Amino acid sequence: MNPTYDWLAVRAMWEAGESASSIAEKDGMPSKQAICNHANEEGWTKIDKLPPSLDVIPFDGLSDKQRIVVTEMATGLPQRHAAAIAGVNEATVSVWKAENPKFLNACHAAVAVMARAQLGKITKSEDWRSGLAMLERHPATRDEFAPANSQRGIGQTTFNVLGHVNLGFDRLEERSRQAEPVVIEQ
């Protein structure tokens, strides 16, 4: 018995940007190969086609909201802002990462796409500073790209606007003046 499929629904999902394998995983849907054959024979085109730079991100098996989060993270938005655009709480995104390895892999790929774009700015542009600044400051890449001494610091070191360094010795002197003198009996 040949099952009948709702090819209009399949086409609508495919043209909206869903992958053939993601559609095929749903109950009552045709195989990935059948979907691809129909798409090629009938000339289906993706309406919400992603930019080619995002082709490396594995979107298969992700919900629409997860796709939004991943796509926004690929532009450089931190997880908190990407979650807000998708209409979910940042904690929800963290749960998705912990429970869904496909989503976690897609998030890692999205950060890699963003880093690649920023490195492209650095290597191809005369004004490379914005790309470098993004890599040095973005929560997902700052550990790898921050300047060598940026994570180290001297305790209690501050800099004022004139460029003088204050190592906190004035606070030690003030504390020693406030402390009661210690009398040593002999």
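The values are calculated or read from the model by the stated rules, or taken from the named source; none is laboratory data. Keep in mind it's a predicted model, so treat the numbers as computed, not measured. Here Cβ is always computed from backbone atoms with ideal geometry, including for glycine, and neighbour counts include all displayed protein chains. Remember, those area values only see protein heavy atoms, side chains included, never the ligands or the DNA or RNA. Shrake-Rupley method; radii C 1.70, N 1.55, O 1.52, S 1.80 Å.
Across the range 31-47, the number of residues qualifying as surrounded by 12 or more Cβ atoms within 10 Å (Cβ to Cβ) and under 32 Å from the mean Cα position of the chain (by Cα) comes to 7. Listed by first and then second residue, the pairs linking a residue in the range 4-17 that is in contact (Cβ under 8 Å) with a residue 24 or more places away in the chain and farther than 20 Å from Phe59 by Cα to a residue that is assigned to a loop (DSSP other than H, G, I, E, B) and not polar (S, T, N, Q), with Cβ atoms under 6 Å apart and 6 or more places separating them unless they lie on different chains, are Tyr5/Pro30.
What number of residues within the range 7-23 satisfy the criterion of being in a loop (DSSP other than H, G, I, E, B) and aliphatic (A, V, I, L, M)?
Keep residues of the range 7-23 that are in a loop (DSSP other than H, G, I, E, B), which gives 16-19.
Checking which are aliphatic (A, V, I, L, M) leaves us with 16.
Total satisfying the criteria: 1.
Note on the range 24-67: among residues that are outside any helix (DSSP H, G or I) and basic (Lys, Arg), the one that is nearest to Ala117 (Cα to Cα) is Lys49. Among the residues of the range 110-131, those identified as open to solvent by 20 Å² or more (accessible area, probe 1.4 Å) and under 18 Å from Pro78 (Cβ atoms) are Val111, Ala112, Arg116, Ala117, Ser130.
In the range 79-100, which residues are within 25 Å of Ala117 (Cα to Cα) and open to solvent by less than 40 Å² (accessible area, probe 1.4 Å)? Give the derivation first.
Residues of the range 79-100 within 25 Å of Ala117 (Cα to Cα): 79-86, 90, 93-94, 97.
Result: Gln79, Ala82, Ala83, Ala86, Val93.
Scan the range 14-30 for residues that are open to solvent by 40 Å² or more (accessible area, probe 1.4 Å) and out of contact with any Phe, Trp or Tyr (no Cβ under 9 Å at 6 or more places or on another chain) and the total you get is 4. Restricting attention to the range 132-151 and to residues that are more than 15 Å from Gly76 (Cβ to Cβ) and hydrophobic (A, V, I, L, M, F, W, C), the residue that is surrounded by the fewest Cβ atoms within 10 Å (Cβ to Cβ) turns out to be Ala148.
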